[in-house]
Amino acid sequence: MFEGPLELLLELVEKRKLLINDISLATVTDEFMARVSAMQEMSLPGTANFVALAATLLLIKSKSLLPVLDLSEEEEHSIEELEERLRLYQIFRTAGEVVRAAFGLQISHERQYVPDTTPIFLPDQYCSSEELRTAMSRVISELPIKEIRPKVQIKKVVSLEEMIERLHQRIEKQLKLRFSDLVAGEGEKHGLIVGFLAVLESVKQGSILVSQLSRFDDIEIEHSKPQLPRYY
């Protein structure tokens, strides 16, 4: 239904009658992620472009939830670039609709001369069968050889739903754990962001309690309703 991720993102923003800024992009992140998740389940082509843009939207939402979160210059630039690309896409899409509506209705100038397209082949005296055979052999010998590149296995990216389910399973068994233990093995920035969003969502639902003794310390996570010891 969409030519690319920008078209889907612009539709979500316009549907809510929002301006194109970081606040509106953070607002539509959840619905955009749901659409991309459905595309992945149906194995639709071109999903990689949607996933790449979804990573930037997660970064924007993380910044909106945590204003004190410091972003690098590259991350700030990627957010500004996305906003500018979306504004330009909106301008060109609107202009395209105007051109499509007027196309072919009023022809202001027609071609005065239309050349004859009937194919005519008149070989000269130098175009012999031997010359053609030599030329074709030279073309075939100079054809580029297709390079076979090694296949690379792409690491699966954990989703927000999977991270929340992993958090709930571990907190039911351990009753208490650290944030660093939860995201262990997810060294990439995407895994850390998804893990932190899972903690925020679980706190919002009231299923866990979190504490942090001082700034930048590890976050302690525990069950909101600890089980009482059983006596037999």
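The values are calculated or read from the model by the stated rules, or taken from the named source; none is laboratory data. Just so you know, these numbers come straight off a predicted model, no measurement behind them. Methodologically, a virtual Cβ is constructed for each residue, glycine included, from the backbone with ideal geometry; neighbour enumeration extends over all protein chains shown.
Of all the residues in the stretch 59-94, those that are in contact with a Ser or Thr (Cβ under 8 Å, 6 or more places away or on another chain) and in a helix (DSSP H, G or I) number 6. Being loosely packed, with under 10 Cβ neighbours inside 10 Å and within 43 Å of the chain's Cα centre (by Cα) is a condition met by no residue of the stretch 114-132. Would you tally the residues in the stretch 150-194 being exposed (fewer than 11 other Cβ atoms within 10 Å of the Cβ), closer than 21 Å to Ala48 by Cβ and either at pLDDT 80 or above or not basic (Lys, Arg) (or both)? The number of residues fulfilling the criteria is 4. In summary, Arg166 fulfils each of the numbered conditions (1) outside the structural domain of Ala38 (by TED's automatic domain parsing); (2) over 22 Å from Ala34 (Cα atoms); (3) among the charged types (D, E, K, R) with the single exception of condition (2). Of all residues in the stretch 87-100, exactly one satisfies the criterion of being exposed (fewer than 11 other Cβ atoms within 10 Å of the Cβ) and among the polar types (S, T, N, Q), namely Thr94. Just one of (1) on the phi > 0 side of the Ramachandran plot; (2) in a helix (DSSP H, G or I) fails for Glu31. It is (1).
Return yes or no: is Ser72 at pLDDT below 75, under 20 Å from Glu161 (Cβ atoms) and polar (S, T, N, Q)? No: the conditions fail for Ser72. Residues in the stretch 67-86 that are surrounded by 14 or more Cβ atoms within 10 Å (Cβ to Cβ) and either of a type in the set (Gly, Ala, Ser) or under 25 Å from Arg215 (Cα atoms) (or both): Leu71, Glu75, Ser78.
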